[in-house]
Amino acid sequence: MGDQEPPPVAETLRQWIAMDDEIRQLKLRIKTINEEKVKLGASVLEFMRENEVDDFKLEGMSGGSISRQVRTVKPAIKRNTIRTQLLLHFSDQPQKVSEALRAIEGIPEDVEDASTFGRQTELLTRRVPKAAKNEMSLHVGP
């Protein structure tokens, strides 16, 4: 057939894949850094806890301070828990319970199937087989 130019989308795909590869490598590096930071943070917290230190004033580095805080976090309320408790308290009014749950979740009354209600987003993803990560290439055309 001779010298045919590849479709314009082929170059765009090559660039997109190159950026995707770079992002994947950077994410792996970030993951490694975060894991090391968590280990170091655990050591710092242990030291602060054992020595009853709540703040470190940082001088000379980037300035600022590092503080230790203790918080009590309650678990999130699950839909099933809410439904069960509402039904226990209002067992004679299951329709009201259903309406209350829909109102809490922000589901309009005209939506029949609540599982289909929500915001739709469009996303472009790339899945790379583990074995092929080192040997990536793009083949366009015959």
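The values are calculated or read from the model by the stated rules, or taken from the named source; none is laboratory data. As the structure is a computational prediction, the values presented were derived from the model and not from experiment. Ideal geometry is used to build each Cβ from the backbone, glycine not excepted, and the neighbour counts take in all protein chains shown.
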So, in the stretch 5-55, of the ones that are without any contact (Cβ under 8 Å) to a residue 12 or more places away in the chain and outside any helix (DSSP H, G or I), which residue ends up farthest from ARG68 (Cα to Cα)? GLU5
Name every residue in the stretch 1-59 that is of a type in the set (Val, Ile, Thr) and over 19 Å from the mean Cα position of the chain (by Cα), in order of residue number. VAL9, THR12, ILE17, VAL44, VAL53
Taking ARG71, is it modelled with pLDDT under 85, under 31 Å from the mean Cα position of the chain (by Cα) and assigned to a loop (DSSP other than H, G, I, E, B)? yes
Could you say which residue among PHE90, PHE117 is surrounded by 11 or more Cβ atoms within 10 Å (Cβ to Cβ) and at pLDDT below 75? PHE117
